[in-house]
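Here is the structure we will look at, set down as structure tokens.
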Amino acid sequence: MRIVNAEDKSLLKWSLGSALVGGALFVGASVSGALAAGASPVEQLGPVGALGVIGFTVGGLVGPLVRGIASRSRGR
């Protein structure tokens, strides 16, 4: 059994949190775009889902970067 240290837990927390925020933002933007165009977001499920996956991926990759910036600004 591998014990996860605090540094790894922090990295995972920032990655998952950022992935959820990024995914929600991208899905929200694509749903609002579909509604603005007069289409149902359910009918546009493919593009909405694709943008959601892109948002989750980008968010997960940006999370450790934001964590590093935040820890440097706090002086750790």
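Quick note: the coordinates plus some simple rules give every number you see, no bench work behind them. Because the structure is a prediction, the values reported are computed rather than measured. Ideal geometry is used to build each Cβ from the backbone, glycine not excepted, and the neighbour counts take in all protein chains shown.
When residues in region 19-44 are screened for being in a helix (DSSP H, G or I), surrounded by fewer than 13 Cβ atoms within 10 Å (Cβ to Cβ) and aliphatic (A, V, I, L, M), 2 of them pass. Considering only region 31-50, I want to know if a residue exists there that is of a type in the set (Gly, Ala, Ser) and in contact (Cβ under 8 Å) with a residue 24 or more places away in the chain. Scanning region 31-50 turns up no residue that is of a type in the set (Gly, Ala, Ser) and in contact (Cβ under 8 Å) with a residue 24 or more places away in the chain.
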